[in-house]
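Comments concern the structure below.
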Amino acid sequence: MDELILNPYPGIDTLYKALYRRVEQFGDDNMWGVRQGKEYIWTTYKQHAEKSKMLAAGLTALNLVPEIQAEGKPWRFLAIKSKNRQEWALLHTAGYHNEVTTVALYDTLGPDASAYIIDFIELTTIATSAELTKGILMLKKNEQAGEDRLKRMVNIINMDNESSQADLDLAAEVGITIHKYSDVLEAGRNNTTFEVLEPTAESCFMLSFTSGTTGYPKGVKLTHQMIMGTCEAVQYQVSDEFRFDEKDTYISYLPYSHIFE
């Protein structure tokens, strides 16, 4: 090799472009399978892209990813805390459509590190599951009695849609609105004026935070170009016999908060 190859295909330098290249090539092919019993329920590339765009429009319509200023440029953040599931991936790829940076929160961070991250990125919205909602609400309540580092966090997206009355009451007490995931989709469906804000190669699609074992967590900026370059590096290193293509199926086994996943 006589030159540095940055992208797997000419001109495909963002995850947004990579997604829609696949939609154009294999739109009606299966992209994503969710196991139900002994079978998998599949979503096509086209269906995944359409729902991602709809979620992006809903996040914008409900002002769940407001713009903040940092480092002399605008940022939009969405935190996600849950086990691996299709809604996690859809909300993440939704960010490709309005230049949102995903921040993954996970249990081993602990409450202090989680509060630090939420405060550091001036977060307003966390998407989570019903079972984890109470923990996030209690984190907000406990912070209100101390440093109040979660004062900007005012929204939770419940990916399971239905919340217990106890969670709704606690949310009202601490000043948080719980949005159903389905309501975000519906808001996006009705947002007919939504325009895609396409990312650039240098846009940061994810902040990957360390667990904070030597102090507060450090956030690693992951750009679209980094992932495109990594994809090409993997393809370059393996032989033609083992190169990944549309006929392969990848099994998700690491947490989505892990950069390898």
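Some notes on this structure:
- Any hit, the range 39-50, residues being over 26 Å from THR133 (Cα atoms), aliphatic (A, V, I, L, M) and crowded, with 20+ Cβ neighbours inside 10 Å: yes
- Filter result (of a type in the set (A, V, I, L, M, F, W, C) and part of a loop (DSSP other than H, G, I, E, B)) within the range 122-154: LEU123, ALA145, LEU150, MET153, VAL154
- Per the listing GLY229, GLY219, the residue uniquely closer than 19 Å to ARG22 by Cβ, small (Gly, Ala, Ser) and surrounded by 12 or more Cβ atoms within 10 Å (Cβ to Cβ) is GLY229.
- Of the residues making up the range 50-67, those that are in contact (Cβ under 8 Å) with a residue 60 or more places away in the chain, assigned to a helix (DSSP H, G or I) and not basic (Lys, Arg) are MET54, LEU55, ALA56, ALA57, GLY58, LEU59, THR60, ALA61.
- Among the residues listed as ARG85, ARG76, ARG35, ARG21, the single one being free of Cβ contacts under 8 Å to residues at least 24 places away in the same chain and touching a strand residue (DSSP E or B) at 6+ places or on another chain (Cβ under 9 Å): ARG35
- Condition check for PRO111: in contact with a helix residue (DSSP H, G or I) (Cβ under 7 Å, 6 or more places away or on another chain), more than 26 Å from ASN191 (Cα to Cα) and assigned to a loop (DSSP other than H, G, I, E, B): no
- Of residues in the range 16-42 being of a type in the set (Phe, Trp, Tyr) and part of a strand (DSSP E or B), the one nearest to SER52 (Cα to Cα): TRP32
- Failed criterion for GLU162 (all others in (1) closer than 20 Å to LYS81 by Cα; (2) buried (at least 19 other Cβ atoms within 10 Å of the Cβ) hold): (2)
- Residues of the range 71-90 that are under 14 Å from SER257 (Cα atoms) and in contact with a Pro (Cβ under 8 Å, 6 or more places away or on another chain): LYS83, ASN84.
- The one condition in (1) touching a helix residue (DSSP H, G or I) at 6+ places or on another chain (Cβ under 7 Å); (2) in contact (Cβ under 8 Å) with a residue 24 or more places away in the chain; (3) outside any strand (DSSP E or B) that ILE118 fails to fulfil: (1)
- Members of the range 68-93 found to be of a type outside the set (A, V, I, L, M) and in a strand (DSSP E or B), listed by number: GLN69, LYS73, PRO74, TRP75, PHE77, LYS81
- Selected residue (only one of THR223, THR213 is closer than 29 Å to GLU71 by Cβ and in contact with a Cys (Cβ under 7 Å, 6 or more places away or on another chain)): THR223
- Some residue of the range 91-112 being surrounded by 21 or more Cβ atoms within 10 Å (Cβ to Cβ), free of Cβ contacts under 8 Å to residues at least 40 places away in the same chain and either within 30 Å of TYR40 (Cβ to Cβ) or out of contact with any Pro (no Cβ under 7 Å at 6 or more places or on another chain) (or both): no
- Identity of the residue in the range 1-26, acidic (Asp, Glu) and at pLDDT 90 or above, that ends up farthest from the chain's Cα centre (by Cα): GLU24
- For the residues ASN98, ASN63, ASN158, the requirement of being closer than 22 Å to SER182 by Cα, touching a Phe, Trp or Tyr at 6+ places or on another chain (Cβ under 7 Å) and not hydroxyl-bearing (Ser, Thr, Tyr) singles out ASN158.
The values are calculated or read from the model by the stated rules, or taken from the named source; none is laboratory data. Just so it is clear, the model here is predicted, and its values are computed rather than measured. Note that each Cβ is placed from the backbone with ideal geometry, even for glycine, and that neighbours are counted across all protein chains shown.
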